[in-house]
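What follows is calculated from the coordinates using simple rules that are stated; it is not laboratory data. Remember, predicted model here, so these are calculated numbers, not experimental data. Here the Cβ positions follow ideal geometry from the backbone for every residue, glycine too, while neighbour counts run over all protein chains shown.
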Amino acid sequence: MTTSKIFKPTQIHATTNTSQSNGTDLTSTTINGILDQVFLQDNSAEDTPEQKVLRASTQTPNTPDDIPFTRKEMLQVVKSLNNAKAPGPDGINNQVLKLINKTSPEILLKFYNKCLAHHCFPDCFKIGQIVLFSKKNKNPEDPSSYRPINLLPAIGKLLERLLINRLKYHVFKDNKISSCQFGFKPNSSTIHAIDAALTQIQVNKAQQLHSALLCLDLKNAFDSLWWPAVKQALRDLQCPRNLYLTTTDYLHNRKSIVLHNNSVITRQQARGCPQGSCMSADLWNFTFNHIIDHHWPAHTKIVAFADDVAFIINGRTREQLQENSNNTLQIFNALCKRIKLQSSHQKSQALIVHKPGRTITRNPTFKIDNHRIRCVKTINYLGLT
């Protein structure tokens, strides 16, 4: 009511994993099954030796602190707040924040600068309320058929915006994000990503080379993001010390709640881009950047739009195209596994673009993690078929 925003409630069905439950509260069991798929666990016992070292790393960047947030920054962020956004569990919406900033502008600014000075993102700002929406034309008994929206406290999201704006300033002013990443970057769009892929295919054709367009899917990409890898990315990007420490605190002790039958179901978040957070997309870009920026072989061009990854790989013959592609896929899979990302061969696809005057009569065999990638005659890449 406070936001004049009405959510259509989703009817929760007994899922296939819980239909045999002997419990009396079947929908509670169903909700927990859905949350199990959203909030992935981070089991340190499964770490490789390399991952154990990364997890144990607590080194802080040897960089100077950034300056306190300014009144101009605060005003710009507050003005950008959407009045129609639903509030978090505390019920405070963006209109309230705008009123506070208008009547007593120093209150919020002083508070957020205290947070920055003490490297603190308050725990009460890390609690989000989950609202479940059913995906269109999906089986209501399948837990993956529900899309969770996490409603975070507006006062915390304002601090998030101040933080991420500073982080992006330091990252983008020095062009630290690969030019092959087109998602969530200034002056970049899907059109630029599509153009980069098509241009490389034309270059290959001009050189009398076959091309393989490999569109790869990462399983639960944003939900799987590993927090030790996020911290390492921030260190590699040499962000200011106080921004780094405040962001690492932001990742600590995050929780989400679901209100159900006069009770509260609580779930601790241990990995993944925080649902509903305005920092999520940029934290993904920062972390995934070292994979995109890898020194790929000369026969390989990578194009990314956030977690949508495409490789354009060339070869003079079918055999060479297959060998080059599988070499690249092996490297990509290993880099992903280092930061606990998994490729989904079921959703990945390959399209062969033949060189002028020569047609490959039998498709090459492409494999990732020992699983075959399906070759198709048409492919949908970022909405273009």
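Evaluated at q = 0.12, 0.16 Å⁻¹, the base-10 log of the normalised Debye intensity for segment 262-384, with identical point scatterers placed on the Cα atoms, takes the values -0.55, -0.88.
Here the relative contact order of segment 171-318, from alpha carbon pairs under 8 Å that lie six or more residues apart, stands at 41 percent. Computed from the Cβ-Cβ distance with R0 of 30 Å, the FRET efficiency linking ASP223 to ARG358 stands at 0.10. In order along segment 117-134, phi translates into HN-Hα couplings of 5, 9, 6, 10, 10, x, 4, 5, 7, 9, 9, x, 9, 7, 10, 9, 10, 7 Hz, rounded to whole numbers, per the Karplus curve 6.51 cos²θ - 1.76 cosθ + 1.60 with θ = phi - 60° and x for Gly and Pro. For a Förster distance of 30 Å, can you work out the FRET efficiency between the beta-carbons of LYS52 and ILE149, rounded to the nearest 0.05? With a Förster radius of 30 Å, E is 0.30.
For ALA298 and ASP36, calculate 0.36 nm times their separation in residues minus their Cα-Cα distance, and state this gained length in nm to one decimal.
90.2 nm
Extension gain, ASN139 to GLU73: 0.36 nm times the residue separation minus the Cα-Cα distance gives 19.2 nm.
Backbone N atoms of segment 116-134 closer than 11 Å to the 7 Å Cα→Cβ label point of LYS255 belong to residues 123-128. Which value at 222 nm does the chain reach when only helices count, each DSSP H run of 4 or more adding -39,500 (n - 2.57), with the total divided by all residues and rounded to the nearest 500 deg cm²/dmol? Rounded to the nearest 500, it is -12000 deg cm²/dmol. Eigenvalues of the alpha-carbon gyration tensor of the chain, scaled by 5 and square-rooted, set the equivalent ellipsoid semi-axes at 39, 28, 20 angstrom, largest first. The amide H of GLY128, built 1.01 Å from its N in the peptide plane, has LYS255, SER256, ILE257 as neighbours under 5 Å, considering only residues 5 or more places off or on other chains.
Please determine, in degrees from 0 to 90 and to the nearest 10, the orientation of helix 280-292 with respect to the longest principal axis defined by the Cα atoms of the chain, where the helix direction is its Cα long axis. Taking Cα atoms only, the helix is inclined about 30 degrees.
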